[in-house]
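Here the structure comes first, spelled out in structure tokens, and everything after it is commentary.
The values are calculated or read from the model by the stated rules, or taken from the named source; none is laboratory data. Keep in mind that what you see is a predicted model, and the values were worked out from it rather than measured. Here the Cβ positions follow ideal geometry from the backbone for every residue, glycine too, while neighbour counts run over all protein chains shown. To get the accessible areas, we keep the full protein, side chains included, count just its heavy atoms, and leave off ligands, DNA and RNA. Shrake-Rupley method; radii C 1.70, N 1.55, O 1.52, S 1.80 Å.
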Amino acid sequence: MRRLLTALIVIAIAASGWAQMSRSLSLDEVTVTARRPLKDIGVVKTTIDSAALRENIALSMADVLAFNSSIYVKSYGRGTESTVSFRGTSAGHTKVTWNGMSVNSPMLGMTDFSTIPSFLVDDAAVYHGSAGINTTGGGLGGLVALSTSPSVDTPPGLEAQYIQGAGSFKSFDEAARISWNSGRWQLSTRLVAASSANDFSYTNYDKKQNIYDETGNIIGSYHPRERNRNGAYRDLHVMQQAYYSAPGGNRLGIAAWWMSANRELPLLSTDYGNPSAVENRRREETLRAVASWDRVRSGLKTGVKAGVTHSWMAYDYARERVPGLMTPMTTSRSRLVTIFALADGEYSPTRNLYLTASVSLHQHLVNSRDRNVTTESGNTVTLGYKEARAEVGAAISAKWQINSVVAVSGVLREQAMGNNASPLIPALFVDALLPRPLNLTLKGSVSRNYRFPSLNDLYFMPGGNPDLRSESGFTYDLGAAWTRAGRRWALTAEAGWFDSYINDWIMWLPTPKGYFTPMNVKDVRAYGIELTANLIAKPFNDWTVDINGSCSWTPSINRGEKLTEADASQGHQLPYVPRRAAAVTGRLAHGRWGFIYKWNFYSRRYTMTTADLSTSGSLPPYFMSNIAIDYTLPCRRVDFQFKVAVNNLFNEKYMTVLSRPMPGINWEATVGIRFKSTNNE
């Protein structure tokens with residue numbers, strides 16, 4: 001019934017938009033002409049709307065991507081690790097950058113998007129597959145590019161904003177921003193704080209309680225209602241930005257982002273232990289800072305960036321073996337330092353030719369130790385590793401508008417990691433613009449890609465495999481984009497097919513010794529179809545309808561040889577990779593009121609390489625629906641905004657990771673106040 005209601009709401013929103021469009025068909029059309037950006041020749045790119053980034057202060061980038069793209073978000077629960085992957089690849093195959101600097105952990109190779117508040121991001125774009133090679137290497141699935149930048153439409157003077165939110169499970173969120181613009185100088189300070197007891201209730205389908213009669217015989221059973229145990233969290237983020245526009249087309253800037261997180265890891269739904277007898281906590285303090293210089297003059301743009309990342313991470317796991325005495329089982333401490341440098345240039349000698357070149361360096365220094373590892377003999381030892389590794393990348397590209405119809409782009413990239421260098425990584429992009437009445441753009445690309453193992457893949461104790469080979473492969477893309485606009489509406493749609501062949505895919509697999517170790521799975525084919533569409537309609541003067549949708553079908557099949565006689569993974573979908581995913585976001589605005597409906601869907605995900613359909617071998621598909629209503633009250637110097645959001649509207653029972661329950665229906669209310677520029681009359 002809930003799924004039927006969900007489908008009806010989605011259809012109603014879509015029908016509303018299409019109905020408004022139908023009423024506009026009788027009106028005269030307007031012709032919109034624009035020159036294609038040479039940067040985006042042949043690429044498949046999803047740009048995240050600024051309204052989605054600012055929709056709710058409680059949103060992380062994981063939440064934003066789940067409802068505004070075809071990316072799969074794998075989460076261990078509220079306030080815990082959330083990773084993203086798309087096109088049938090793993091989280092480590094998604095490259096993430098912030099202001100050009102890599103955010104991927106050199107230890108794990110992936111990014112925890114739950115630690116990135118959307119309030120701190122000004123621009124976000126997803127580059128699918130080969131498109132990421134223009135910016136960085138190693139993203140077999142693609143690239144998520146995040147940035148903070150000076151505002152181009154902020155009036156001179158001082159502005160301030162403060163938002164306070166409160167919601168279910170004793171959750172509280174705060175955000176503040178103060179910005180000052182003098183014309184040449186732009187300063188901005190942002191703060192985000194979040195805390196929650198995170199003690200939502202759920203039905204535990206991994207446990208059963210027996211019902212006994214008066215004589216002690218079992219006459220029935222039921223699944224108990226429990227609360228999420230030991231799941232509290234507390235996060236704090238502070239970001240400082242400063243930009244100076246100097247004469248001669250020069251601009252200097254610096255952005256610094258400090259984060260402190262203290263999070264408990266909730267007990268598994270299969271854990272029968274006493275919550276007070278368990279300590280399972282992860283702490284992190286991270287500072288990222290990037291300084292930049294850019295110069296634009298006579299078709300030539302040059303830039304230099306330098307930055308540093310310093311992270312301290314701690315993981316403590318202890319259990320009460322005897323009353324009143326906690327026994328440490330894991331005491332892990334890690335310190336990561338990354339020094340970053342980037343130099344790039346863009347030159348357009350003619351309107352139809354665009355040349356780029358870049359060189360980047362990431363010097364990683366990692367010291368990871370676990371001081372409480374128990375051996376088979378019962379002794380406690382310290383295990384870990386201390387490694388330094390340099391990551392160097394260089395790329396050149398040429399983008400040529402051959403004529404009004406055809407454009408081509410070629411990229412050559414080279415990577416080196418430590419003493420190992422990749423073969424030359426080429427990429428070719430082509431698109432053809434078929435003008436009115438078709439308004440169709442055909443796209444195609446082919447590229448090679450290459451990814452080095454992470455430091456944990458090589459050196460983690462126990463289980464690291466220093467003999468791992470790097471992953472490599474080819475990706476092919478073919479697609480079409482269509483656009484149509486009327487007097488009161490605009491519709492864009494894009495469809496694409498991709499096919500990736502990846503050799504030596506790295507996967508952590510169990511061993512007879514009782515721990516996991518990474519292995520090269522030999523050969524994986526990830527292919528599929530991606531569809532996106534966006535409709536914006538203005539049926540009446542004070543009404544706006546904005547509907548954005550995406551869906552994907554992405555088989556990701558292991559075609560490699562058997563690693564052991566018992567290996568049954570051949571021909572099966574890789575673990576935690578859904579074959580089908582979809583998302584729809586509908587926005588309806590009328591005057592000062594706004595309404596948002598968000599829906600997404602993930603198909604069944606297997607937890608094992610054997611594609612087992614048992615309760616522990618797979619996670620069932622689920623649909624998710626969220627709604628929000630907001631009202632803005634403008635005043636001369638101050639604007640007030642009131643918002644109420646309801647998440648998991650139909651109380652869906654779901655998990656994205658085995659034995660990690662997720663919350664049912666929950667709500668949050670926010671009140672925001674924005675002080676307008678003191679110089680803006």
Problem - the range 39-53: number of residues that are farther than 24 Å from Ser260 by Cβ and open to solvent by less than 20 Å² (accessible area, probe 1.4 Å) - result: 5
Fill in the blank from the handout: Flagged pairs (Cβ under 7 angstrom, 6 or more apart or on separate chains; first in the range 66-82, without any contact (Cβ under 8 Å) to a residue 60 or more places away in the chain; second assigned to a loop (DSSP other than H, G, I, E, B) and of a type outside the set (A, V, I, L, M, F, W, C)) are Glu81/Asp112; Ser82/Asp112
Practice task
Given the conditions (1) closer than 30 Å to Glu391 by Cα; (2) open to solvent by less than 30 Å² (accessible area, probe 1.4 Å); (3) of a type outside the set (A, V, I, L, M, F, W, C), report the number of the one that Pro466 does not fulfil.
Solution key: (2)
Exercise for the section: Out of the residues in the range 176-221 that are without any contact (Cβ under 8 Å) to a residue 40 or more places away in the chain and among the β-branched types (Val, Ile, Thr), state the one that is least open to solvent (accessible area, probe 1.4 Å). Expected result: Ile211
Handout entry: Residue selected from the range 124-175 under the condition at positive phi and surrounded by fewer than 18 Cβ atoms within 10 Å (Cβ to Cβ), by the criterion modelled with the highest pLDDT
Key = Lys170
Handout entry: Test result for Asn600, under 24 Å from Gly231 (Cα atoms), part of a strand (DSSP E or B) and under 21 Å from the mean Cα position of the chain (by Cα)
Key = no
Handout entry: Pair list, Cβ < 6 Å and 6+ apart or interchain, from the range 237-265 residues that are over 15 Å from Gly303 (Cβ atoms) to residues that are polar (S, T, N, Q) and part of a strand (DSSP E or B)
Key = Gln240/Thr189; Gln241/Ser188; Ala256/Gln240; Met259/Thr286; Leu265/Asn280
Fill in the blank from the handout: Within the range 280-290, the residues that are open to solvent by 70 Å² or more (accessible area, probe 1.4 Å) and in contact (Cβ under 8 Å) with a residue 60 or more places away in the chain are none
Fill in the blank from the handout: Scanning the range 513-540 for residues that are in contact with a Leu (Cβ under 9 Å, 6 or more places away or on another chain) and of a type outside the set (A, V, I, L, M, F, W, C), the one most open to solvent (accessible area, probe 1.4 Å) turns out to be Lys522
Practice task
Return the residue satisfying two criteria in turn: it lies in the range 93-108 and is in contact with a Gly (Cβ under 8 Å, 6 or more places away or on another chain) and open to solvent by less than 10 Å² (accessible area, probe 1.4 Å), and of such residues it is modelled with the highest pLDDT.
Solution key: Met101
Practice task
For the range 54-68, name all the residues that are buried (at least 23 other Cβ atoms within 10 Å of the Cβ), at pLDDT below 90 and either touching a Gly at 6+ places or on another chain (Cβ under 7 Å) or farther than 23 Å from Ile163 by Cα (or both).
Solution key: Ala58
Handout entry: Residues being more than 20 Å from Asp122 (Cβ to Cβ), hydroxyl-bearing (Ser, Thr, Tyr) and outside any strand (DSSP E or B) - total across the range 152-184
Key = 1
Problem - Filter result for Arg229 (over 17 Å from Ala669 (Cα atoms) and either part of a strand (DSSP E or B) or at pLDDT 95 or above (or both)) - result: no
Completion exercise
The strands (runs of 3 or more DSSP E) lying wholly within the range 517-569 that contain at least 2 residues that are modelled with pLDDT of 85 or more and of a type outside the set (S, T, N, Q) are 523-537, 543-553
Handout entry: So Trp482, is it of a type in the set (Phe, Trp, Tyr), closer than 30 Å to Asp542 by Cα and surrounded by fewer than 17 Cβ atoms within 10 Å (Cβ to Cβ)
Key = yes
Practice task
Answer yes if at least one residue in the range 354-368 is within 26 Å of the chain's Cα centre (by Cα), on the phi < 0 side of the Ramachandran plot and of a type in the set (Phe, Trp, Tyr), and no otherwise.
Solution key: no
Fill in the blank from the handout: Only one of (1) open to solvent by 30 Å² or more (accessible area, probe 1.4 Å); (2) part of a loop (DSSP other than H, G, I, E, B) does not apply to Pro578, and that is (1)
Practice task
Check the range 493-512 and report whether any residue there is open to solvent by 20 Å² or more (accessible area, probe 1.4 Å), under 23 Å from Leu383 (Cα atoms) and assigned to a loop (DSSP other than H, G, I, E, B).
Solution key: yes
Fill in the blank from the handout: The condition of being without any contact (Cβ under 8 Å) to a residue 40 or more places away in the chain and of a type in the set (Val, Ile, Thr) holds, among Ile529, Ile596, only for Ile529
Completion exercise
How many residues of the range 246-261 are under 32 Å from the mean Cα position of the chain (by Cα) and at positive phi? The answer is 0
Fill in the blank from the handout: Of the candidates Glu279, Glu285, the one satisfying the condition of being part of a strand (DSSP E or B), closer than 21 Å to Pro106 by Cβ and not basic (Lys, Arg) is Glu285
Handout entry: Residue ranges of strands (runs of 3 or more DSSP E) in the range 75-139 with at least 1 members over 11 Å from the mean Cα position of the chain (by Cα) and closer than 21 Å to His237 by Cα
Key = 94-98, 123-128
Completion exercise
Condition set at pLDDT below 95 and of a type in the set (A, V, I, L, M), scope the range 590-612, selection least open to solvent (accessible area, probe 1.4 Å): answer is Ala611
Exercise for the section: Please indicate, with yes or no, whether at least one residue in the range 390-406 is more than 28 Å from Asn352 (Cβ to Cβ) and open to solvent by less than 50 Å² (accessible area, probe 1.4 Å). Expected result: yes
